[in-house]
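The values are calculated or read from the model by the stated rules, or taken from the named source; none is laboratory data. Nothing here was measured: the structure is a model prediction, and the numbers come from that model. Quick reminder, even Gly has a Cβ in these numbers, built from the backbone with ideal geometry, and neighbours come from all protein chains shown.
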Amino acid sequence: MSRKNFNYNYAFVFYDIADRESDAGKNRVAKVFKCCKKYFKHHQKSVFRGNITPANLIKFKHEIEKIIDKEIDFVSIVKLQSKAIFDEETLGSSDTADSESIFI
């Protein structure tokens, strides 16, 4: 079964970086956060989202792969063709000042 290539222009990024109480782990957490902030808007704790070009998505993935320890860290990228094709429902507090509002 062949997989079609799509140009994804919006993404969510979720991560869980194992700090294991070590300086190296805490350094990876900071580096992943900084890399995500470079490409996306900070949404909540270890969640980022936003518009991104296909070329920047490739660059982002390469940068993240250089930072994480693939044996113990986890990064999930949910790719969408646009932010208009999904629905979001938020329950509870959404007081994050930097959070991007999808509904304008």
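Observations, loosely collected:
- Subset of the range 40-56 (residues that are surrounded by fewer than 18 Cβ atoms within 10 Å (Cβ to Cβ) and closer than 16 Å to residue 82 by Cβ): 41, 50, 51, 53, 54, 56
- Condition check for residue 58: among the hydrophobic types (A, V, I, L, M, F, W, C), at pLDDT 90 or above and not in a helix (DSSP H, G or I): no
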